[in-house]
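All remarks here apply to the structure that follows.
The values are calculated or read from the model by the stated rules, or taken from the named source; none is laboratory data. Quick caveat: nothing in here was measured; it's all calculated off a predicted structure. Because the Cβ atoms are built from the backbone with ideal geometry, glycine has one as well, and the counts that use them run over all protein chains shown.
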Amino acid sequence: MGKWRKKGIALLKVAISLLLVYFVFTKVNFSEVWGILRDSRPGYIVLALIFFIVSKVVSAFRLNLYFHQLGVGLTQKSNLKLYLLGMFYNLFLPGGIGGDAYKGYQIRKQFEVPTKRVIAVLLLDRLSGMLLLFVYACLLAMGLKDHLLSDYRILFGLAILIGVFVFWGLNKRFFSYAVPVFWSSAGYSAIVQGLQLISLYCILCGLSIENNILAYLFIFLISSIVSVVPLTIGGIGSREVTFYYGSIWLGLHQDTSIGISMTFFLITAVVSLFGIYYHFKKPALKLDKDISARH
């Protein structure tokens with residue numbers, strides 16, 4: 001029954017992704033989108049790829065902070081391999097075994113860590129990233145010249161403080177064992193999301209977009225938050241829909257917005273695809289002896 005349930009969820013995700021992509025491309029001119037992608041400047045796209053890769057390396061370091069708090073002192077090299085395999089599973093095998101589920105299974109299996117704590121740190125790692133997406137989105141919203149947002153600048157500032165305080169409070173109340181790395185994790189998240197914003201800025205330069213930079217970056221952050229919701233395959237469809245409606249709201253060019261979204265997805269897919277190597281040659285999880293000795 002469980003096997004059929006997983007297949008059903010996978011098919012549902014595929015269907016939702018296809019429906020959302022189909023919906024978007026009935027609203028925009030695909031030939032114009034293709035023209036935007038075709039005329040992109042490859043040097044900037046390569047830079048975007050590099051910054052994206054660095055962001056994922058830093059993200060893997062953040063996750064390893066939480067593993068170390070569980071007494072699992074993985075070497076950074078082992079953790080990077082596991083993280084890359086997780087990226088591949090998340091994007092290309094969403095119905096078989098998700099990337100987070102696989103990482104959690106291997107940590108629990110090989111190091112006999114309580115299942116609840118493994119699930120908790122994987123969730124906290126995700127939430128830490130989302131918190132900084134929210135913080136950056138509020139900061140950009142405060143800088144946007146939009147009549148609907150300009151009246152709420154003070155509220156966006158308060159939302160940042162409340163968001164950080166609430167997340168810290170939840171950590172302290174329910175996950176006290178992870179509190180020691182709270183601020184370190186937040187720092188890593190700030191770097192991760194900052195690097196991805198730089199990556200998107202490089203995409204904008206690659207697509208010769210010179211106006212409304214803050215607006216595109218804002219939509220990107222909102223789309224990143226939406227894409228975390230596990231309704232589609234790797235955010236396919238949900239990110240494009242967010243870009244489409246965000247561009248209408250902020251008075252941007254819809255075809256250009258979809259071109260930006262597609263370029264970012266292609267970069268994500270290219271990097272994630274390298275994880276296929278560790279699908280066939282599962283990475284050995286080695287421990288850092290110095291860290292393990294402390295625990």
May I ask you to verify whether S150 is crowded, with 19+ Cβ neighbours inside 10 Å and either under 17 Å from the mean Cα position of the chain (by Cα) or within 28 Å of S261 (Cβ to Cβ) (or both)? no
Kindly list, by first and then second residue, each pair from a residue in region 173-191 that is in contact (Cβ under 8 Å) with a residue 40 or more places away in the chain and farther than 14 Å from L122 by Cβ to a residue that is among the small types (G, A, S) and surrounded by 14 or more Cβ atoms within 10 Å (Cβ to Cβ), limited to pairs with Cβ atoms under 7 Å and residues at least 6 apart or on different chains. A186/S128; S189/S128; S189/G129
Are any residues in region 102-123 crowded, with 17+ Cβ neighbours inside 10 Å and under 22 Å from Y278 (Cα atoms), and if so, which ones? Y102, K103, G104, Q106, I107, R108, F111, V118, L122
S261 vs (1) buried (at least 18 other Cβ atoms within 10 Å of the Cβ); (2) over 30 Å from L149 (Cα atoms); (3) modelled with pLDDT of 90 or more: all pass except (2)
Qualifying helices (runs of 4 or more DSSP H) (wholly inside region 18-111; at least 3 residues being aromatic (F, W, Y)): 42-69, 76-92, 99-111
Those residues of region 115-170 which are at pLDDT below 90 and among the β-branched types (V, I, T), in sequence order: T115, I154
